[in-house]
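First comes the structure, then the notes that go with it.
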Amino acid sequence: MDTSFIRGVIPPIVTPVDDEERLDEQGLRRIVDHVIEGGVHGILALGSNGEFFALDPEDQQRVVAVTAQQSAGRAPVYAGIAAISTREGIKQARKYEELGARAISILPPMFITPTQDELFDHFKKIAEATSLPVLLYNNPDKVGNNITPALLERLAEIPNIVGIKDSSGDQTLTAEYIRRTRAQGFKVLAGRDIMILSTLVYGGAGCVASTANVVPRLVVEIYDKFMAGDIQGSLEAQYRLAPLRMAWNLGSFPVATKDAVNLIGLQAGKPILPNTSCSEENLGKIRGILEGLGAVRSS
């Protein structure tokens, strides 16, 4: 199985919506073009920043289909699965493969608290339902379930489970993921934009970075300079990115990403209710950071 494309910077793209909170197809196409023009190495549709949780199944499928169509082979498309039931996860994996996804990402079930063995079986059965490479997605703060290093070692033995995005914010956990699976060529990606360089230094393969929706070239600079051996240059790019990522705390998750996309002129629509945009004061703070990065387009 070819996994060489699983590397670098992969933005979990926001989902533009219209006034009826339905997919704005043309807006999505603009965002796909924006991140590809910024040099990203892949695109994740239906990630957390894509508000997957607020989209109905029809729009979820349209997001994957339009993203794959607009990408047109310029960047591989990953499709996110966050099903609570294994049955639904299998259904989504098969459908997203049919719609043109190049890989899938699977989040542990939220709300319920499965055992490690139940999590293993859940991931295994979904992975076996598709021929695509599978990235796991660890985000314990949001779903309440953690993929332990011991569980990851077991899951890494499944042929098409080839990597994991770690959004725990725990560098020790990320490092253990890498240490325990490095002999198999398993791909570990940073899920926190503040930890891109540190994950690369430990041996990670890249990042799934929400800030790459907004300033893709800067995020790609962190990766490219590291790969070229320019550690200091990579570090300076990481430092420049940090204030933008820290500004995501100015709104309820994940609205600040979409607000920032709107501020740079990409017109992604409003966050899907019950989430609402950041306050005017906090939008001003985000705008100031974006202006400092040269990211706000002149009108």
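The values are calculated or read from the model by the stated rules, or taken from the named source; none is laboratory data. Here the structure is a predicted model, which means the values were calculated and not measured. We place every Cβ from the backbone using ideal geometry, glycine too, and count neighbours over all the protein chains shown. For accessibility, only protein heavy atoms count, side chains too; no ligands or nucleic acids. Shrake-Rupley method; radii C 1.70, N 1.55, O 1.52, S 1.80 Å.
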- Message: Please report the accessible area of K91 (heavy atoms, 1.4 Å probe, ligands and nucleic acids excluded) in Å², nearest 10.
- Response: 130
- P(r) for segment 173-244: what percent of alpha-carbon pairs falls in each 5 Å bin, starting at zero? 3, 18, 30, 23, 16, 8, 2, 0
- If you look at just the Cα atoms of segment 1-139, how large are its Rg and its Dmax in Å? 14.5, 43
- Using a Gaussian network model of the chain with C-alpha springs under 10 Å, which one of I112, I289, I31 is most mobile by mean-square fluctuation? I112
- Note on the structure: If amide H atoms are modeled at 1.01 Å from N in the peptide plane, then the residues at a separation of 5 or more from K187, or on another chain, having amide H under 5 Å from its own are G163, I164
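In this model, which of K91/K165; K124/K225; K125/K165; K165/K225 are farther than 30 Å apart at the alpha-carbon?
Values: K91/K165 22 Å; K124/K225 36 Å; K125/K165 19 Å; K165/K225 21 Å.
Checking Cα-Cα distances, K124/K225 exceed 30 Å.
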- Item | Residue among I286, I106, I231 with the largest mean-square fluctuation in a Gaussian network model of the chain, springs linking Cα atoms under 10 Å | I231
- All-pairs Cα distance distribution in segment 183-291, expressed in whole percent, bin size 5 Å: 2, 12, 22, 21, 16, 12, 9, 4, 2, 0
- Around G42: net Lys/Arg minus Asp/Glu count, Cβ-Cβ under 9 Å: +2
- Per-selection Rg to Rh, the chain - Cα, Kirkwood hydrodynamic radius: 0.94
- To the nearest 500 deg cm²/dmol, what mean residue ellipticity at 222 nm is calculated for the chain from DSSP H runs of n ≥ 4 alone, each contributing -39,500 (n - 2.57), summed and divided by the residues? -13500 deg cm²/dmol
